[in-house]
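Engineer: Have a look at this one.
The numbers here are math on the coordinates, done by the rules we state, and not lab data. This one's a predicted model, so the numbers in the text were calculated from it and none came from an experiment. Cβ: placed from backbone, ideal geometry, glycine included. Neighbour counts: every protein chain shown.
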Number of protein chains: 2
Amino acid sequence: MEVYVYRDLGKPFNEWFDWVIREAELYDYGRYPAKGMGIWLPYGFKLRKNVIELIRKLLDSTGHEEILLPLLIPYNIIIKESEHIRGFEGQLYWVTHGGYEQLDIKLALRPTSETSLSYMEALWIKSYKQLPKKFYQVGSIFRYETKATRPLLRVREVTTFKEAHTVHEDFKDCERQVKEAMDIYSRFFNELGVPYVVSKRPEWDKFAGAIYTIAFDTLLPDGKALQIGTVHNLGQNFSRVFEVRIQRKDESIDYAWQTSYGISERIIASIVAVHGDSKGLVLPFKVAPIQVIIIPIPAGSDEEKKAVMEHAIKLKNDLISRGLRAETDLREDVTPGEKFYIWELKGVPLRIDLGPRELRGGYVTVVRRDSGEKIEVKVSELPEILKKLGEEVDSELSKRAWEAFRKKIRRVNDLNQAKDYLSKERGIIEIPWCGRSECALKASEILEADALGTPLDEVPNVGNEHCPICGERAVTIMRYAKKY
Amino acid sequence: MEVYVYRDLGKPFNEWFDWVIREAELYDYGRYPAKGMGIWLPYGFKLRKNVIELIRKLLDSTGHEEILLPLLIPYNIIIKESEHIRGFEGQLYWVTHGGYEQLDIKLALRPTSETSLSYMEALWIKSYKQLPKKFYQVGSIFRYETKATRPLLRVREVTTFKEAHTVHEDFKDCERQVKEAMDIYSRFFNELGVPYVVSKRPEWDKFAGAIYTIAFDTLLPDGKALQIGTVHNLGQNFSRVFEVRIQRKDESIDYAWQTSYGISERIIASIVAVHGDSKGLVLPFKVAPIQVIIIPIPAGSDEEKKAVMEHAIKLKNDLISRGLRAETDLREDVTPGEKFYIWELKGVPLRIDLGPRELRGGYVTVVRRDSGEKIEVKVSELPEILKKLGEEVDSELSKRAWEAFRKKIRRVNDLNQAKDYLSKERGIIEIPWCGRSECALKASEILEADALGTPLDEVPNVGNEHCPICGERAVTIMRYAKKY
């Protein structure tokens with residue numbers, strides 16, 4: 001067992017993760033004959049769809065409009081913003097041929113869409129009256145990763161990239177938008193029970209082309225930090241090179257101000273990693289493809305057996321008509337025990353065991369996936385109680401995950417102690433910082449960990465502490481972790 | 001005015017189509033700096049989403065499972081089925097470089113997914129017990145079109161390709177699946193009021209790698225035939241080269257049998273083209289992004305004006321809570337007349353004009369986009385009546401479109417008459433056929449038109465007629481049209 005795994009998964013995290021992704025039939029990875037690309041299987045696709053719908057609702061209700069941009073970005077467009085291309089050029093896939101011809105201008109598979117969208121915004125946006133403008137899209141992006149790839153965590157085709165792009169009249173409104181984006185992402189992660197810490201990334205780790213980057217990091221069960229969302233204030237960096245000009249209220253002409261923010265299928269990896277246990281997935285009720293699985297347990301006479309099967313179907317249909325995602329497993333060549341195993345592995349939040357005894361009594365046994373708790377429920381009260389139990393499951397998952405997460409964030413003043421924590425238990429270490437890049441880079445080297453960045457809020461009493469590198473008074477803390 | 005346009009669009013069809021796509025803000029085309037690729041704008045994106053949801057429902061309810069395959073297909077996989085690659089190789093985009101490196105094996109942007117999916121099915125499917133298996137996906141495909149491109153009609157990035165792929169135990173079950181697919185597509189096109197004719201494509205025009213292809217064609221207002229859906233019986237052509245082997249009921253091992261069928265964003269082009277008029281889009285109620293637009297017509301005192309505005313918002317919210325997609329246009333710098341123009345252009349099926357008179361009387365005027373008819377409705381009865389009117393709109397649009405379509409299908413025995421029709425009015429011409437390819441190809445040449453194929457049902461009394469090329473007794477009819 002790895003020393004850092006802070007939850008019992010029955011096996012080392014990496015092994016467990018590959019096992020659960022494969023056995024729960026979420027995503028077929030490592031067998032497709034192009035590296036870093038996988039297939040969303042039906043069960044995984046449904047989970048992905050529910051997660052996407054959740055973020056769509058949050059974005060739609062805050063005035064974001066969904067669009068779809070081309071996947072291919074011509075060379076001369078993607079190279080326009082110099083910082084941006086410096087950050088991405090090592091990762092781009094290039095289309096060089098169409099049919100039997102070489103293309104005049106090679107086309108990049110988009111790694112993100114700041115450049116192609118800014119090109120169009122120069123045509124669309126003319127006046128402050130159209131602002132703020134908030135676009136988003138959900139689609140595939142490509143990054144030619146040279147590091148070892150992992151399903152959902154580090155892939156070459158990110159099939160679920162939700163990128164938002166906004167346009168504003170001034171810097172102040174960009175700042176407001178950054179806050180709105182952070183609020184939306186916080187609500188999104190909270191709904192999924194995925195804990196996070198929000199940091200302002202250090203200068204050397206911001207998005208290529210941004211003024212600054214805010215990032216959400218969670219922790220994997222092996223104590224490594226995983227970036228699950230970023231928000232960038234782009235200032236006028238892109239609008240200037242793409243000439244996105246607006247007339248302001250005072251009739252002056254200025255370049256527009258922009259932000260962008262993104263999340264990827266890493267959020268699905270996080271749901272898997274943060275809530276799962278040694279038996280497999282544990283899915284939040286809110287996004288589970290199947291919320292309630294009904295297992296018929298036939299016994300007694302043939303007639304009684306038949307009645308159980310019929311009742312299972314009827315109950316499923318009743319629950320579906322009451323707005324629940326219910327399913328029943330009627331297979332006759334699989335034992336109830338095997339069915340328990342399979343649906344636990346697939347993380348279905350609630351299970352109903354249905355036998356002749358239950359039929360006669362007019363009640364059923366509901367089993368919670370998260371706690372194993374068994375609850376006897378009157379059939380007539382079932383839909384309401386299942387919904388209530390679903391909410392309880394989600395709140396319990398969230399509580400559990402946050403508790404474990406908070407324990408892995410440690411504030412220390414001493415580098416040796418920090419190094420000890422990071423090597424033995426990992427997690428996130430917060431160390432007083434003087435604000436100078438060279439000190440954070442030095443500490444990062446000593447700790448053999450990445451600097452995640454600084455908190456956005458003021459840190460109480462940090463002025464009494466000292467940077468362990470240079471000894472100067474601290475102005476904030478810097479967070480360090482082994483980054484995935 | 002073009003002679004062939006069979007509906008008054010106010011301008012030639014090509015010009016009208018580009019105008020309406022652009023002005024109704026569906027899809028930004030021709031300005032993105034890579035040829036054949038456009039941007040789905042917010043309004044168009046919503047229409048597209050509603051159309052996709054409609055086909056999803058039909059597929060989900062018939063046991064199809066949605067998946068997502070990689071966009072990139074390695075060279076050695078896509079070339080495996082020889083007929084298939086012969087059909088597609090002139091149209092493939094190739095990714096040859098990743099980062100600073102040349103790839104060992106070049107990757108094709110998928111033109112369709114028979115090859116990549118069959119590769120995976122060889123790993124997934126082992127036994128007849130798993131069959132029939134029905135997969136589908138919705139995503140972008142790429143075709144390096146060398147013909148002139150047109151928005152939604154002929155593009156290089158088809159962003160809305162719904163492809164279904166099924167696996168079966170034997171040929172007979174493939175045949176059953178072909179019928180199911182035809183039934184699903186018929187229902188889909190019927191729901192959208194898009195008329196079609198179903199033909200078995202001639203040998204020389206079937207899908208590359210199929211045993212045979214069934215196609216759905218509609219007619220554009222300029223009388224050209226537009227292929228909007230295809231269904232392919234693939235037999236064992238792909239399963240053999242990808243070694244998708246199954247154990248049959250009798251325990252023998254056989255290659256699996258497959259079908260595939262697809263529709264694209266051409267269905268959205270068809271909705272636009274088939275229902276639109278000189279004022280712009282006319283959208284079916286079922287898929288319209290906005291079903292009901294409320295136009296406040298403020299008049300009288302400031303207080304009365306304010307009351308109208310407030311009432312418009314209240315009414316919008318009421319209608320939304322009753323499950324209608326309602327919107328109101330509160331802009332103060334745009335006159336009601338201008339608003340009528342804009343929302344007619346955008347094809348909103350129902351409009352509510354709301355002034356002080358309406359407020360006082362407790363009733364409103366509902367205007368139908370399809371007919372211009374005005375209906376006075378009591379506010380209390382509004383939600384129910386709007387839904388009923390919506391259904392009436394859809395059934396009227398369908399009726400109108402089918403009537404016009406049927407008039408453009410002509411059965412003739414004489415080639416000169418056929419040629420005359422095709423050059424003057426276009427449409428679809430049905431001619432008795434002996435069944436020999438050379439006669440159809442000859443007729444096609446003479447008519448300067450494409451052979452669409454033969455009807456699937458027997459043609460009554462065709463045995464008394466003769467092939468106008470060879471003079472032999474006819475066995476069926478062949479359909480010809482100028483194909484888009």
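Engineer: Please compute, over every Cα-Cα pair in the range A:48-115, the percentage with a separation greater than 20 angstrom.
Structural biologist: 48
Engineer: Give me Rg over Rh for the range B:292-389, both radii from the alpha carbons and Rh done the Kirkwood way, two decimal places.
Structural biologist: Reported Rg/Rh, Kirkwood definition of Rh: 0.93.
Engineer: Can you list, shortest first in nanometers, how far A:Gln247 lies from the same residue in the other copies, with each label 7 Å from Cα toward Cβ?
Structural biologist: Label-point distances to the other copies, shortest first: 7.5 nm.
Engineer: A further question follows. For the range B:413-481, just run the numbers: alpha carbon Rg, then divide by 2.2 N^0.38 Å, N being how many residues it has.
Structural biologist: Scaled against compact globular proteins, the figure is 0.99.
Engineer: Work out the length of the dipole vector of the range A:266-306 about its Cα centre, built from +1 on the beta-carbon of each Lys and Arg and -1 on the beta-carbon of each Asp and Glu, and round it to the nearest 20 debye.
Structural biologist: In total the dipole reaches around 300 debye.
Engineer: OK, next. Give, to the nearest whole percent, the P(r) tail of the range A:323-437 beyond 18 angstrom, counting all Cα pairs.
Structural biologist: 66
Engineer: Which residue, chosen from A:Leu456, B:Pro33, A:Ala404, occupies the Cα position most advanced towards the positive end of the dipole of the protein assembly as shown, where the dipole is computed from +1 (Lys, Arg) and -1 (Asp, Glu) charges on Cβ about the Cα centre?
Structural biologist: B:Pro33
Engineer: Considering the convex hull of the alpha carbon atoms of chain B, report its projected area averaged over all viewing directions, in nm², one decimal.
Structural biologist: Its average projected convex-hull area is 27.6 nm².
Engineer: Could you give the DSSP H helices of chain B that reach 27 angstrom or more along their long axis (alpha carbon positions) and whose average Kyte-Doolittle hydropathy is no lower than 1.0?
Structural biologist: none
Engineer: Hey, another quick one. Among A:300-307, A:383-390, A:232-239, A:188-195, what's the highest-first ranking by average C-beta atoms within 10 angstrom per residue?
Structural biologist: Ranked by mean Cβ neighbours within 10 Å, highest first: A:232-239, A:188-195, A:383-390, A:300-307.
Engineer: Right, here's the next one. Karplus couplings for the range A:361-372 from phi (6.51 cos²θ - 1.76 cosθ + 1.60, θ = phi - 60°), rounded to Hz, Gly and Pro as x?
Structural biologist: Computed from phi, the couplings for the range A:361-372 are x, x, 9, 10, 9, 9, 10, 7, 5, 6, 10, x Hz.
Engineer: Could you please state, rounded to a whole Å, how far the C-alpha centre of the range B:104-164 is from the C-alpha centre of the range B:216-277?
Structural biologist: Here the answer is 11 Å between Cα centres.
Engineer: A further question on this structure: On the first, second and third principal axes, largest extent first, how far apart are the outermost C-alpha atoms of the range A:1-144 in Å?
Structural biologist: For the range A:1-144, the Cα extents along the three principal axes come out at 58, 45, 32 Å.
Engineer: Report, in whole Å, the centroid distance computed from the Cα atoms of the range A:435-461 and the range B:422-455.
Structural biologist: 75
Engineer: Working from the alpha-carbon coordinates of the range B:13-275, get Rg over Rh, Rh being the Kirkwood radius.
Structural biologist: 0.97
Engineer: Using only the C-alpha atoms of the range B:119-223, find the volume of their convex hull and express it per residue in Å³.
Structural biologist: Given the Cα convex hull of the range B:119-223, per-residue volume reads 152 Å³.
Engineer: Counting only the backbone N, which residues of the range B:109-128 are under 14 Å from the spot 7 Å out from the Cα of B:Leu456 toward its beta-carbon?
Structural biologist: Taking a point 7 Å out along Cα→Cβ of B:Leu456, no residue of the range B:109-128 has its backbone N under 14 Å.
Engineer: Kindly count the pairs of lysines across the range A:20-102 whose alpha carbons are less than 29 Å apart, treating pairs on different chains or eight or more residues apart as eligible.
Structural biologist: 4
Engineer: Please list, in order along the range A:218-233, the HN-Hα scalar couplings obtained from phi with the Karplus expression 6.51 cos²θ - 1.76 cosθ + 1.60 (θ = phi - 60°), rounded to whole Hz, x for Gly and Pro.
Structural biologist: 10, 10, 7, x, 8, x, 7, 7, 10, 6, 10, x, 9, 10, 10, 8
Engineer: Counting only residues 5 or more places away or on other chains, whose amide H sits under 5 Å from the amide H of A:Asp450 once H atoms are built in the peptide plane?
Structural biologist: A:Ala481, A:Lys482, A:Lys483
Engineer: Same structure, new question: Taking the highest mean first, how do the peptides A:142-148, B:257-263 order by number of other beta carbon atoms within 10 angstrom per residue?
Structural biologist: Final packing ranking: B:257-263, A:142-148.
Engineer: Would you mind checking which residues have amide H under 5 Å from A:Thr328's amide H? H placed 1.01 Å from N; only 5 or more apart, or other chain.
Structural biologist: Under 5 Å from the amide H of A:Thr328: A:Ile294.
Engineer: Okay, moving on. May I ask you to compute the full-extension gain from B:Lys147 to B:Asp250, defined as 0.36 nm times their residue separation minus their alpha-carbon distance, rounded to one decimal in nm?
Structural biologist: Full extension of this stretch gives 32.0 nm more.
Engineer: If the only charges are +1 at each Lys and Arg Cβ and -1 at each Asp and Glu Cβ, what is the size of the charge dipole of the protein assembly as shown around the Cα centre, to the nearest 20 debye?
Structural biologist: 100
Engineer: What does the convex hull of the alpha-carbon atoms of the protein assembly as shown project to on average, in nm²?
Structural biologist: 45.9
Engineer: Hey, how many Å between the Cα centroid of the range B:315-391 and the Cα centroid of the range A:35-101?
Structural biologist: 38
Engineer: Related question: Going Cα to Cα from A:Lys249, which lysines come in below 17 Å? Please leave out same-chain ones fewer than 8 positions away.
Structural biologist: Those lysines meeting the cut-off are A:Lys126, A:Lys129, A:Lys133, A:Lys172.
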